[in-house]
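Undergrad: Quick one: the structure is below, questions incoming.
The values are calculated or read from the model by the stated rules, or taken from the named source; none is laboratory data. Bear in mind that the values here come from a model prediction, so they are computed numbers and not experimental data. All Cβ positions, glycine included, derive from the backbone under ideal geometry; neighbour counts span all protein chains shown. Only protein heavy atoms, including side chains, enter the accessible area calculation; ligands, DNA and RNA are left aside. Shrake-Rupley method; radii C 1.70, N 1.55, O 1.52, S 1.80 Å.
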Amino acid sequence: MTGVRDPLARGSFDLTVADGAGAGSCAVYQRGGDRLQVLHVDLTPGGYVAEVQEQLDSGATPLPEIVPGSVGAYFRRASGENNAAFAHLVRGKAEINIALEIGVEGRDSAGDVMALMKLIAPKLITDASAPSASPSVSGKG
């Protein structure tokens, strides 16, 4: 997904904070002089469905319902610069953002961030983050 061999990774997640919604982040860097960040995953309390709706209105692709009651979107950077792609998922009080800042040329970076979201969201989104009512987002795509 990143094309980085022997990456430097830093971060942690604590699923017991923020009333059980969890918080934390993890970043992956290229080793070397510049230590460029290539991937960032962020779990925050908040759960702003309106942000997902804005992304969908701007042409993002809806994520499937990865965890019950979740809504999300994924997209490539419009300029195509660095083959970057992003995914955003909201469920109740929890929000996960994935930013692939430098993707591998020739790969489907948007598909990569969607696949990573499918892999990690069920582990990071807890029952405590469950929405009180199902969020409503209309998707294009």
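Undergrad: Using the Karplus equation 6.51 cos²θ - 1.76 cosθ + 1.60 (θ = phi - 60°), what ³J(HN,Hα) coupling, rounded to whole Hz, does each residue of the range 7-20 give in order, writing x for Gly and Pro?
TA: So the J values, rounded to whole Hz, are x, 9, 10, 9, x, 6, 10, 10, 7, 9, 8, 6, 6, x.
Undergrad: Counting only heavy atoms of protein chains, what accessible area per residue, in Å², does the chain have with a probe of 1.4 Å?
TA: On a per-residue basis, the chain sits at 52 Å².
Undergrad: A follow-up question, please. Any idea what the relative contact order of the chain is, in percent, if you count C-alpha pairs under 8 Å spaced at least 6 apart? Intermediate values should be presented prior to the final figure.
TA: Values: 322 pairs, mean separation 36.5, N = 141.
Computed over the chain, the figure is 26 percent.
Undergrad: Sum up the charges of everything whose Cβ sits under 12 Å from the Cβ of PHE86, counting Lys and Arg as +1 and Asp and Glu as -1, but leave PHE86 out.
TA: Charge balance near PHE86 sits at -2.
Undergrad: In the range 58-99, carbon and sulfur make up what percent of the accessible area (probe 1.4 Å)? Display every interim value, and only then the final one.
TA: Working: 800 of 1620 Å².
Carbon and sulfur: 50 percent of the exposed surface of the range 58-99.
Undergrad: If you line up the long axis of helix 109-124 against the longest principal axis of the chain, both from Cα atoms, how many degrees apart are they, to the nearest 10?
TA: 50 degrees
Undergrad: Can you list the HN-Hα couplings for the range 40-46, worked out from phi with the Karplus curve (6.51, -1.76, 1.60; θ = phi - 60°), rounded to whole Hz and with x for Gly and Pro?
TA: Working through the residues one at a time gives 9, 10, 10, 10, 9, x, x Hz.
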